[in-house]
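What follows is a short report on a single structure.
Rule-based calculations on the coordinates, nothing more; no lab input. These numbers come from a predicted model, not from an experiment. Backbone-built Cβ (ideal geometry, glycine too); neighbour counts: all protein chains shown.
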Amino acid sequence: MARKPAVMYRQVKGMAFTRRKYMGGVPNNRITQYDMGNVREEFPIVVSLKVKNRVQVRHTALEAGRIAANRFMNKYVGIANYHLKVRVYPHNVLRENKLATGAGADRVSSGMRAAFGKNVGTAARMERDQAIMTIRCNPSGFNRAKKALWKAAMKYPTPCYIEVEQGQELVK
């Protein structure tokens, strides 16, 4: 019998827990920038990375995908020839009730007493077909933009697809 892998924070369960005002010690957001490249110029082609399923993506995974896509575009297209935008923000605070394991854990662990949990990170809740990030570029950088989004998709815990939102007629 095959075991299902553990998907701790990937599944969207329960109400969103977003009111930071009432909780102490929420870890900082790891995403350092949401707009990269040339933010002033208008580009004719818009390519987006979208999720196939309803999912939560942690802020660390969002940052890893952003770094992978931005580094690839910067290296092969140049910083002046694209605009990359991360389109989700990790609002949802994740909690974990850590339980001790191993020898003597029964004396240390409190089990389900005060099981609300401690804040361990944040995540962005996304609906099916929602865009995670978008790259705007010239027709010469279209294939590189698709490759950059594919590299970013490898960092996320759900299947993703790439959609050309604007400029299909320019790349055929």
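Other residues lying with their Cβ under 15 Å from the Cβ of His83 contribute a combined charge of +2, Lys and Arg counting +1, Asp and Glu -1.
For segment 77-172, the percent of C-alpha pairs falling in each 5 Å distance bin, counted from 0 to the bin holding the largest distance, reads 2, 10, 16, 15, 12, 10, 8, 7, 6, 5, 5, 3, 1, 0. Neighbour counts of C-beta atoms inside 10 Å place Lys50, Lys146 in the sequence Lys146, Lys50, starting with the fewest. Considering only alpha-carbon pairs that sit under 8 angstrom and 6 or more positions apart, the relative contact order computed for segment 27-160 is 45 percent. A full extension of the chain between Thr101 and Arg87 corresponds to an added length of 1.1 nm, given 0.36 nm per residue minus the alpha carbon distance.
Packing-based ranking of 164-171, 30-37, 85-92 yields 85-92, 30-37, 164-171, ordered from highest to lowest mean Cβ neighbour count within 10 Å.
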